[in-house]
Amino acid sequence: MELRKKLTIMFICLTVLYGAIPRRVCAETVMVEDLLAAMPADEIIAVECSTGKVLMEKNSELTAEVSHLAKLMLVLLTAEKLESGELLPDDTVTASANANAQPAPQIWLEKNEKITVDELLKSITVSNANDGAVALAEHIFGNAENAVNEMNRKAETLDMRSTTYADVCGIDERTLSDAADTAKLAAELVRHEMLIPYFTSWLEYVRGGRAELVNLNRLVRSYKGITGMKACSSSAAGECAVVTARRRDMDIAVVIIGCDRRENCDDMAKKLLDMCFDGYSLYSPEPTAEMLEKIPVTGGEQKKVAVTFGKLPAAVIPKGSSSSFDIKFEKEEQLTAPVKKGQVCGRLICTLGGREMYSAELVTEKAVRKISFAFNLKQLLINMLKI
């Protein structure tokens, strides 16, 4: 069974969240699948962002309207422009008639009003302003249609196969996605540290204080390690949320789509984050000096070649399980020239109960050429000069 199917949560009672049964019966062990099934939401997923590992999910690939969560793609494209220097936070944007005509929620931009990129980004991240999203999209990409094309291109790059953007706001019924794709988007957004202050701000003012922005993501005020990201609702999508948090260098993203009530959505997001942080950790082994000893090379211009694991990737494992790992290490005793740079020459495998939990390849750091006549002649001359 997959890790998330093995994980059990002690002392969790659904009725604590939803009030269906007295609290005295809550001291039970609840399987994750049962817990998720009882949660009043159409789609749920929790992933570790750096690895993309799905820790738990429920119907996460049901294509549906996702309301203002679609704006997260515009935020990602904006962050990329800001970090590349193509766009500056203080750049002035002139609101168009099209931006002014957008439905609520909005910051009530007037036609030809001047506003900064920074303020527009706040209007999207802290709030869900449609006029702010259109004004920003038009400023960056020339018009909303070009922005939509770029959003779809980026979705394809991120392998968001169920996602189609028909507008920049998420209010068009043809703008569709699912929880799994939205989690991929959230994982990409987490990489942009500059966005955290925007996503985690509770209260902001824009337009010279005329527009107040209050974050619908209530967890920004209460959850330890929160890094964002967005809460919204619509009649078609229901209550939705993307919530990300970081603890011990592990980033978790929880996506909930089609929940019945905002209070339940918030409670579920918090509970799922807690389950992930309590149940999992990142693991990356420390190579020993013996593992990294040079390997002899026969018939080569160098007698030995250095080896490396490179930057060992992290893996998500059940918390505390690494001490029980069975570690197997295989390494070539000798290589024959020519040797290529990056040539696989060993493998580290960690298993738990016969199941592979982690593996990494040992590779050569440099290439070693086969001895040639010219090389032998050169070495002969060098040795003669030493006499």
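Among the numbered conditions (1) within 30 Å of G310 (Cα to Cα); (2) crowded, with 16+ Cβ neighbours inside 10 Å; (3) not acidic (D, E), the only one that R207 does not meet is (1). If you filter the range 81-104 down to residues that are hydroxyl-bearing (S, T, Y) and surrounded by fewer than 18 Cβ atoms within 10 Å (Cβ to Cβ), you find that the one that is nearest to L189 (Cα to Cα) is S84.
Restricting the range 343-387 to residues that are of a type in the set (A, V, I, L, M, F, W, C), surrounded by 12 or more Cβ atoms within 10 Å (Cβ to Cβ) and in a loop (DSSP other than H, G, I, E, B), the residue that is modelled with the highest pLDDT is A367.
Taking the range 227-245, which residues are part of a strand (DSSP E or B) and either over 17 Å from L185 (Cβ atoms) or outside the structural domain of E173 (by TED's automatic domain parsing) (or both)? Let's see the steps before the verdict.
Here is the first cut: in the range 227-245, the ones part of a strand (DSSP E or B) are 227-234, 238-245.
Within the range 227-245, S233, S234, G238, E239 meet the criteria.
Looking at the range 172-202, which of its residues are more than 28 Å from A236 (Cβ to Cβ) and touching a strand residue (DSSP E or B) at 6+ places or on another chain (Cβ under 6 Å)?
Quick first cut of the range 172-202, residues more than 28 Å from A236 (Cβ to Cβ) only: 191-194, 196-197.
If the condition is that a residue be more than 28 Å from A236 (Cβ to Cβ) and touching a strand residue (DSSP E or B) at 6+ places or on another chain (Cβ under 6 Å), then I196 is the only one that fits.
Just checking, which of G320, G299 is modelled with pLDDT under 95 and under 26 Å from K366 (Cβ atoms)? Lay out the reasoning, then the answer.
Working: G320 fails: under 26 Å from K366 (Cβ atoms).
So the residue among G320, G299 that is modelled with pLDDT under 95 and under 26 Å from K366 (Cβ atoms) is G299.
Residue count for the range 328-339 under the criterion of being touching a residue at least 24 places away in the same chain (Cβ under 8 Å) and surrounded by 12 or more Cβ atoms within 10 Å (Cβ to Cβ): the result is 8. Residues in the range 212-226 that are farther than 13 Å from T125 by Cα, in contact with a Ser or Thr (Cβ under 7 Å, 6 or more places away or on another chain) and assigned to a loop (DSSP other than H, G, I, E, B): 0 in all. Taken together, the residues in the range 106-139 that are without any contact (Cβ under 8 Å) to a residue 40 or more places away in the chain, within 27 Å of the chain's Cα centre (by Cα) and more than 21 Å from P197 (Cβ to Cβ) amount to 1.
L272: buried (at least 20 other Cβ atoms within 10 Å of the Cβ), farther than 26 Å from L312 by Cα, out of contact with any helix residue (DSSP H, G or I) (no Cβ under 7 Å at 6 or more places or on another chain) and at pLDDT 95 or above, yes or no?
Details: buried (at least 20 other Cβ atoms within 10 Å of the Cβ): yes; farther than 26 Å from L312 by Cα: yes; out of contact with any helix residue (DSSP H, G or I) (no Cβ under 7 Å at 6 or more places or on another chain): yes; at pLDDT 95 or above: yes.
Yes.
Consider D249 carefully, then state whether it is within 25 Å of I349 (Cβ to Cβ) and either modelled with pLDDT of 95 or more or charged (D, E, K, R) (or both). Spell out the reasoning first.
Working: within 25 Å of I349 (Cβ to Cβ): yes; either modelled with pLDDT of 95 or more or charged (D, E, K, R) (or both): yes.
It is true that D249 is within 25 Å of I349 (Cβ to Cβ) and either modelled with pLDDT of 95 or more or charged (D, E, K, R) (or both).
Being in contact (Cβ under 8 Å) with a residue 12 or more places away in the chain, in a strand (DSSP E or B), more than 26 Å from the chain's Cα centre (by Cα) and crowded, with 19+ Cβ neighbours inside 10 Å: is that true of V254 here?
Numbers: in contact (Cβ under 8 Å) with a residue 12 or more places away in the chain: yes; in a strand (DSSP E or B): yes; more than 26 Å from the chain's Cα centre (by Cα): no; crowded, with 19+ Cβ neighbours inside 10 Å: yes.
For V254, the condition - in contact (Cβ under 8 Å) with a residue 12 or more places away in the chain, in a strand (DSSP E or B), more than 26 Å from the chain's Cα centre (by Cα) and crowded, with 19+ Cβ neighbours inside 10 Å - is not met.
Contact annotation: residue pairs with Cβ atoms under 6 Å, 6 or more positions apart or on different chains, pairing a residue in the range 170-182 that is under 14 Å from I256 (Cβ atoms) with a partner that is at pLDDT 95 or above and assigned to a helix (DSSP H, G or I), are T182/L69.
The values are calculated or read from the model by the stated rules, or taken from the named source; none is laboratory data. On a predicted model such as this, the values are computed, not experimentally measured, just so you know. Cβ atoms come from the backbone with ideal geometry, glycine included; neighbour counts cover every protein chain shown.
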